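Report on one structure; see the data block that follows.
The values are calculated or read from the model by the stated rules, or taken from the named source; none is laboratory data. Not measured: the values here are computed from a predicted model. Quick reminder, even Gly has a Cβ in these numbers, built from the backbone with ideal geometry, and neighbours come from all protein chains shown.
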């Protein structure tokens, strides 16, 4: 059996996770890693894997079946997605929810002879599928999404940009009373502050004004101002020992009514030791799907709503039906 040849663009936490996820498959192999950094500065656990400048990707179009884009949504993917979709079948994890329709259109405009599956991962991604499924089954109802307890990488980065902060991490924590209210089936209307709280652990620069740092964090618009936020100052040893991991998770919940007012409740949850490794595993499953769709000539930009679930699995259709249906 010919294996699906995978390339990786960007070798940070998610890119490293993609390499591990590909190694765990039986039908894929990692062909090359592409980086903006000096290739010789990248350390990969398999010395036989070529590490190539991103500027030389065009020379590899005949060697790679699917390129997995592991760059960031804020500044990189808006250009990387349309650029690489001209040359390769791609998968990415673009996660700026409000801008997904515009991004999808831009990628679709260049993916005329390739298949590009965007916004995979778990939210957007698996959670999106669950929201659609739950709403379809119970159209008369209310949907709720909770994130955490876990590290929010974007919010942590926002704290690190505050003057006087040396290291920082932020945990998003769902509020139990809100979760229990949803599970009651009564479809409560919850404000932002009622659903989550935020806890920050900060290592300050020597001599920095901690009161100013805390006030800046708590009043930061779009990140913390709408939440009950706690700022804890800790030393570097505590930070490295207790706050270096990347756990995360969350749940999608949907409550609705059927028949003569019967309450029905559905939920899907994740608890992750490593957010980037789990995201990478989802992306690799969608890389398999992108390859299959491309083999069928199903080109253009796609989302998780457009991909048959059976295309994610290394098992054939008959085996899935026999074992899982």
Scanning the stretch 192-224 residue by residue, those in a loop (DSSP other than H, G, I, E, B), loosely packed, with under 15 Cβ neighbours inside 10 Å and at pLDDT 95 or above turn out to be 205, 206, 207, 209, 219
Within the stretch 106-137, of all residues that are touching a residue at least 40 places away in the same chain (Cβ under 8 Å), part of a helix (DSSP H, G or I) and over 22 Å from residue 269 (Cα atoms), the one farthest from the chain's Cα centre (by Cα) is 108
Across (1) touching a residue at least 40 places away in the same chain (Cβ under 8 Å); (2) farther than 30 Å from residue 267 by Cβ; (3) in contact with a strand residue (DSSP E or B) (Cβ under 9 Å, 6 or more places away or on another chain), residue 187 clears everything bar (2)
Given the conditions (1) in contact with a helix residue (DSSP H, G or I) (Cβ under 8 Å, 6 or more places away or on another chain); (2) surrounded by fewer than 19 Cβ atoms within 10 Å (Cβ to Cβ); (3) over 19 Å from residue 91 (Cβ atoms), every one holds for residue 129 apart from (3)
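Do we find that residue 76 is modelled with pLDDT under 95, surrounded by 12 or more Cβ atoms within 10 Å (Cβ to Cβ) and under 16 Å from the mean Cα position of the chain (by Cα) in this structure?
Values: modelled with pLDDT under 95: yes; surrounded by 12 or more Cβ atoms within 10 Å (Cβ to Cβ): yes; under 16 Å from the mean Cα position of the chain (by Cα): yes.
The answer is yes for residue 76.
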Apart from one, (1) on the phi < 0 side of the Ramachandran plot; (2) touching a helix residue (DSSP H, G or I) at 6+ places or on another chain (Cβ under 9 Å) all hold for residue 189; the odd one out is (2)
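Given the criteria under 30 Å from residue 28 (Cβ atoms) and in contact with a strand residue (DSSP E or B) (Cβ under 9 Å, 6 or more places away or on another chain), does residue 253 qualify?
no
Let me confirm something: among 314, 290, which residue is at pLDDT 95 or above, over 17 Å from the mean Cα position of the chain (by Cα) and surrounded by 17 or more Cβ atoms within 10 Å (Cβ to Cβ)?
290
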Across the stretch 16-56, the tally of residues that are modelled with pLDDT under 95 and either under 23 Å from residue 292 (Cβ atoms) or in a loop (DSSP other than H, G, I, E, B) (or both) stands at 12
(Q) Looking at the stretch 91-104, can you tell me whether even one residue there is under 19 Å from residue 57 (Cα atoms), in contact (Cβ under 8 Å) with a residue 40 or more places away in the chain and touching a strand residue (DSSP E or B) at 6+ places or on another chain (Cβ under 8 Å)? (A) yes
| request: Assess whether residue 102 counts as being over 24 Å from residue 36 (Cα atoms) and either buried (at least 17 other Cβ atoms within 10 Å of the Cβ) or within 19 Å of the chain's Cα centre (by Cα) (or both). | output: yes
Can you spot a residue in the stretch 156-177 that is touching a residue at least 60 places away in the same chain (Cβ under 8 Å), touching a strand residue (DSSP E or B) at 6+ places or on another chain (Cβ under 9 Å), within 30 Å of residue 82 (Cα to Cα) and part of a helix (DSSP H, G or I)? yes
